[in-house]
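Undergrad: Handing you a structure now.
Every number in this text was worked out from the coordinates using simple rules, so none of it is lab data. Predicted model, so just to flag it, every value in this text is computed and none were measured. Cβ atoms come from the backbone with ideal geometry, glycine included; neighbour counts cover every protein chain shown.
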Amino acid sequence: MELIDNIERVLKQKNIKQSKMLVDCGLSTGVLSNWRNRDSQNITLIAVKKIADYLNVSIDELIGRTVPECQETPLDADTRELLDGWNKLSNNQKQRVLGQIQGLQELKNNIAAEAFAQGEASGRNRANIKANQDASVG
């Protein structure tokens, strides 16, 4: 069984005795043998978590699940050019560029807030005009 094989592999790598680990985890000393031989349906997540925590490994590692490696997305020409230029800047120049970017973001946020406020005011004006029209008709 892969789980048991992986536990035993990690125990060997870390030079830890199986019986010590099981006692320290509060598990019966025969639990791994039981799991391997006839009682694999009684494996509990709690027991596996205790063992993983004790061995300082993930549950995924114990059950044999591997995390796929990240696929790098190729950079387009503009992004490569931008990064090349960035890498040529001194730290002082990079800080100035970051300050300019922050200023542009604040400007963008201010413009958006003004547009929203104008839209709100415009909506109130339309409502007032409509109310005045209704009042003069009636």
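Undergrad: For segment 2-63, what's the radius of gyration and Dmax over Cα atoms, in angstrom?
TA: 10.4, 28
Undergrad: So, one more: Between residue 96 and residue 72, what's the calculated FRET efficiency when r is the beta-carbon distance and R0 is 30 Å? Round to 0.05.
TA: 0.50
Undergrad: To continue, here is another question. If you take every residue apart from residue 24 with its C-beta less than 11 Å away from the C-beta of residue 24, what net charge results, scoring Lys and Arg +1 and Asp and Glu -1?
TA: +2
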